[in-house]
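The values are calculated or read from the model by the stated rules, or taken from the named source; none is laboratory data. Predicted model only: the values in this text are computed from it and were never measured. Cβ placement follows ideal geometry from the backbone for every residue including glycine, while neighbour counts extend to all protein chains displayed.
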Amino acid sequence: MVEVAVREKTYTTSQVAEKLGITESNLRYAEKELGEYLSITRDDYMNREFTDKDIQLLKKVFEIREWGITSYKAIKVLISRKMIDVLDDKSIEEHMQYEYSSLSLSNENVKKIITEVSNSISKSVDDLVSKRIDEATQQILQTLSGNYEVLANIQDNSIKLLDEVSEVKNNTTDIMPSLNKFYVDFDELKQRHNELLTMVDESIDRAVDKHVNKKKKRESSFFARLFGKKD
């Protein structure tokens, strides 16, 4: 007698989603995350086929997610340690308390480390800032020292220049009366010069007139003698 292998009953994606009360997209995401723990096959039309064992595992997974463990990474740890089948509300609560305590302890350690690092960084920053301030202060003092010498030289030169200007001003004040007298004398001299020129011009004119008259008179006498009547 030939034994005929009985094929395990399978379910489609829509059937499993309906049984679990979830959407098909959530089911496909769970399949993607937990594929290594599911025995999903495909039919001739490449449709997914879920077994009763797959459905039981997925049902437990979604129950655990409702209890508060939503991370598929944590759920995979529970599956790998074969803890998922023995978990119930109480064990989940105890597990959550343990995780919370561990997390709180870790947080305290992290806070302590952060505080130490922060203090160390603050001290390093303070030291660096203090060093930079000292260096900057020294540079400023050196710059000011050099500028002080320049300013002192400028001040000395300014004082000398003011003295020279004052001296020139005083000399100018002393010279002004002489200059004024010179201008007055020059005007008088110019006037006398013009008067002399006028006198010279007049003398020349008189001399010329006298010479012309004398010449005319001499010529008149000559012609009179030449053409005059004889007695």
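Screening Glu93 on (1) modelled with pLDDT of 90 or more; (2) part of a helix (DSSP H, G or I); (3) not aromatic (Phe, Trp, Tyr) shows it passes everything except condition (1). Within region 140-163, the set of residues being at pLDDT below 75 and of a type in the set (Asp, Glu) comprises just one member, Glu149. No other residue among Met1, Met46 is hydrophobic (A, V, I, L, M, F, W, C), part of a loop (DSSP other than H, G, I, E, B) and either surrounded by 10 or more Cβ atoms within 10 Å (Cβ to Cβ) or modelled with pLDDT under 90 (or both) apart from Met1. Which residues, counting only those in region 54-78, are of a type outside the set (Val, Ile, Thr) and closer than 26 Å to Lys9 by Cα? Those that are of a type outside the set (Val, Ile, Thr) and closer than 26 Å to Lys9 by Cα: Asp54, Gln56, Leu57, Leu58, Lys59, Lys60, Phe62, Glu63, Lys76.
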